[in-house]
Amino acid sequence: MKVDLMLKLALVASCASGLFAFDVGELAKRSDQGFKPAVVKDWQAPDEKTIPNNLFGDYVRYGKALVQETYKYIGPEVADKKMRYAGNNLACNSCHLDAGTKKYSAGFMGVFANFPQYRPRENAIGTIEERINGCMARSMNGKPLPENGKEMKAMVAYMYWLAQGVPIGAKVEGSSLTKVDRKMIMSRAADPIAGEKVYKEMCASCHGDNGQGVKREGKAMGYEFPPLWGKDTYNTGAGMFRLIKAADWIVANMPLGATSDAKILSDAQAYDVAAYINNYDKERPIKANKDKDFPDLKVKAADSDIGPYDDNKTRLQHKVGPYQGIIIPAKKAE
Ligand code: HEC
Ligand code: HEC
């Protein structure tokens with residue numbers, strides 16, 4: 001009830017001033033497919049032994065290898081210069097854990113059945129190939145894979161195989177991310193100083209004091225523990241650079257071993273440490289033309305740290321919160 005009233009006040013406030021912040025309800029409307037999505041519970045990854053020994057199976061296996069050891073095939077250190085599509089030595093698997101089968105790590109279980117879809121970042125209908133290339137350009141700080149090339153076909157084949165039995169448009173439980181407490185993000189800014197303490201205690205043992213990670217010996221071998229900032233990681237256009245997205249991912253996945261059912265960090269710790277690793281005093285590759293993302297400000301991600309905005313909040317508030325007055329929640333509680 002109290003929340004409901006707060007939402008109404010927020011709506012009134014933003015409409016009265018003619019301002020539109022990120023509107024959750026509007027995004028839901030634009031994402032509507034016109035049919036009721038099936039819900040898939042208890043999704044289990046299919047057994048790899050069932051991948052057939054034929055050309056199709058070869059693509060599925062290559063797709064999985066590309067996801068798990070991206071640096072080995074299309075990373076910046078591979079011998080064949082033409083194959084250097086990724087700009088860093090991460091793997092898709094650095095974030096899409098267990099080759100995209102871990103729940104609430106932005107897994108791939110629901111992906112094949114959910115494209116094409118409305119994409120607010122482009123304000124357009126996007127395909128699965130474009131979505132993969134979104135992560136290539138941002139999370140992998142690289143360039144797009146040719147859409148008809150073997151690597152793209154293989155990754156799509158792997159996602160298709162993973163989604164076997166998932167109805168078109170279905171919401172698969174465990175896909176996407178969990179959510180840190182939305183009341184907390186509305187009411188307080190994330191605190192990078194508190195986040196530094198979390199980092200030192202819970203993260204630095206693997207990711208290093210300077211976020212540099214631990215690289216394996218040899219060329220194109222990737223990282224044992226991937227870097228969180230510095231030159232060889234995701235750029236400022238990546239989802240992981242956005243505070244809410246990063247906190248939602250971190251809380252169910254880090255320190256390594258955490259799951260949505262067995263979290264290690266509190267929501268507050270995840271929020272603060274996400275602000276710390278993405279703070280402006282940390283160097284990382286810059287994504288050009290970020291101001292062109294989210295051309296329709298009504299559905300611009302609240303935690304996008306580059307304007308223009310259609311609200312009267314500062315860049316810093318978009319970057320670290322609080323998000324009151326920036327996010328217009330859906331009328332029904334999320
Ligand atoms: C630095 C972390 C990171 C890396 C590395 C990364 N991604 Fe992503 N990816 C994300 C995040 C964060 C999202 C958004 C998840 C969300 O909003 O639910 C995402 C979303 C996606 C989606 C859409 C998922 C969905 O549920 O709709 C696909 C497909 C995808 N990534 C593919 C890839 C591929 C393929 C690679 C490797 C070439 C890759 N990603 C590398 C972080 C990463
Ligand atoms: C026990 C080692 C370990 C600890 C501790 C740990 N991580 Fe990780 N982290 C990993 C590994 C390993 C991966 C990549 C997953 C893979 O390769 O399977 C990863 C991936 C990541 C990524 C995405 C990839 C990237 O390079 O950006 C982020 C963000 C991250 N960790 C943040 C954190 C934070 C924040 C903490 C502390 C709360 C933390 N990690 C603690 C091992 C660890």
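Rule-based calculations on the coordinates, nothing more; no lab input. The structure presented is a predicted model; accordingly, all values stated were derived computationally and were not measured. Cβ: placed from backbone, ideal geometry, glycine included. Neighbour counts: every protein chain shown.
Assorted remarks:
- When Ile264, Ile327, Ile286 are sorted by how many other C-beta atoms sit within 10 angstrom of their C-beta, beginning with the fewest, the order is Ile286, Ile264, Ile327.
- Neighbourhood charge, 10 Å Cβ-Cβ cut-off, centred on Gly239 and excluding it, Lys, Arg +1 and Asp, Glu -1: +2
- Packing-based ranking of 212-222, 149-159 yields 149-159, 212-222, ordered from highest to lowest mean Cβ neighbour count within 10 Å.
- As a proxy for reagent exposure, ranking Glu147, Glu224 by other Cβ atoms within 10 Å from fewest up yields Glu224, Glu147.
- For Lys150, the aspartates and glutamates whose Cα falls under 14 Å of its own Cα, not counting residues fewer than eight places away in the same chain, are Asp58, Glu129.
- Helical runs assigned H by DSSP (4 residues or longer) give the chain a calculated mean residue ellipticity at 222 nm of -10000 deg cm²/dmol, each run adding -39500 (n - 2.57) before division by the residue total.
- Rounded to whole numbers, the Karplus 3J(HN,Hα) couplings from phi for segment 60-71 are 4, 5, 5, x, 5, 4, 4, 5, 7, 10, 3, 4 Hz, using 6.51 cos²θ - 1.76 cosθ + 1.60 with θ = phi - 60°, and x at Gly and Pro.
- Most to least packed among 169-178, 72-81 [average Cβ atoms within 10 Å]: 169-178, 72-81
- Shown for Leu228, Leu316, Leu162: other C-beta atoms within 10 Å of each C-beta, ranked fewest to most, produce the order Leu316, Leu162, Leu228.
- Against the chain, whose longest principal axis comes from its Cα atoms, helix 192-202 is set at around 40 degrees.
- Angle in degrees between helix 128-137 and the longest Cα principal axis of the chain, rounded to the nearest 10: 90 degrees
- With θ taken as phi - 60° and the Karplus curve 6.51 cos²θ - 1.76 cosθ + 1.60 applied, the whole-hertz 3J(HN,Hα) list for segment 144-159 is x, 6, x, 5, 9, x, 4, 5, 5, 4, 5, 5, 5, 4, 5, 5 Hz, x standing for glycine and proline.
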